[in-house]
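Below is the structure I would like to discuss, written out as structure tokens.
Coordinate-derived values only; no laboratory data. Only a predicted model underlies this, so the values are computations on that prediction, with no experimental measurement involved. Heads up, the Cβs are rebuilt from the backbone with ideal geometry, glycines too, and the neighbour counts pull from every protein chain shown.
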Amino acid sequence: MPDPKDSLVNSLVGAGSAVDGDIDVEGMLRIDGDVRGSIRVTGKLVVGAAGRVQASIRARSAIIGGLVKGDVYVSEQLRLLTGGVIVGSVFAPRMEVEDGTVIHGYVAVNGAAGATEAGLRSFVENHGGDRAASRFLGRFRADSFASPATSPAASTAASTAASPAASPAASTAASPAATPSASPTSNAATNNLGGTPDGVQA
């Protein structure tokens, strides 16, 4: 059964557009412009007839109708449409190729869906090199972009800014030594609020 995500284009590089860099997309990506770098897609990748891609690609499935200069790794099916050109190595469990297409590179079509991951890993390591293995076999890069509100660095910065040690001037201003006229009651309140370290771990 087709994945519903493959029927909706949630990312598009349109005709006349150019992207230089690495692209990670959750879902489907269509390219009708120019891309240089690397592409990793969790769903389907479509390169239209006007698309020009100078990048290695990893996707669940792909339809290539334009030009791709780079290796293509898919975990399900690759379709190469009339006029499509791939200059690079290709790995796909299944591949459909129309007339008037070109593939210039090493091609592995194993037809074994159950052993796809192991076969893909071996192919990338043998034909793509260390850089390709790091890019396409490692963690999906988009997963590492955490929300600033929940990222460890932001949480550490927030707790540091709120800690007594990070604000010695404020603690000193509220401490009994800085306010000799304050009553014992107000000192106790200051202790409870974290102005002094009694019972509070910084």
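Return the long-range amide H neighbours of V46 (sequence gap of 5 or more, or a different chain), with a cut-off of under 5 Å between placed amide H atoms.
When sequence neighbours closer than 5 places are left aside, the close amide H contacts are L29, R30, I31, I63.
Can you put L8, L78 in order of Cβ neighbours within 10 angstrom, beginning with the fewest? Display every interim value, and only then the final one.
On the way: L8 9, L78 27.
Lowest to highest Cβ neighbour count: L8, L78.
Now, a different point. With θ set to phi - 60° and the Karplus curve 6.51 cos²θ - 1.76 cosθ + 1.60, what are the ³J(HN,Hα) couplings of segment 100-110 in order, to the nearest whole Hz, using x for Gly and Pro?
Per-residue couplings from phi come out as x, 10, 9, 10, 10, x, 7, 10, 10, 10, 8 Hz.
Let me ask something additional. Taking amide hydrogens as modeled 1.01 Å from N in the peptide plane, which residues meet the under 5 Å criterion relative to G83, leaving out close sequence neighbours?
Residues meeting the amide H criterion: T101.
Put a dot 7 Å past each Cα toward the Cβ at E117 and T101; how far apart are the dots in nm?
Between T101 and E117, the simple spin-label model gives 2.7 nm.
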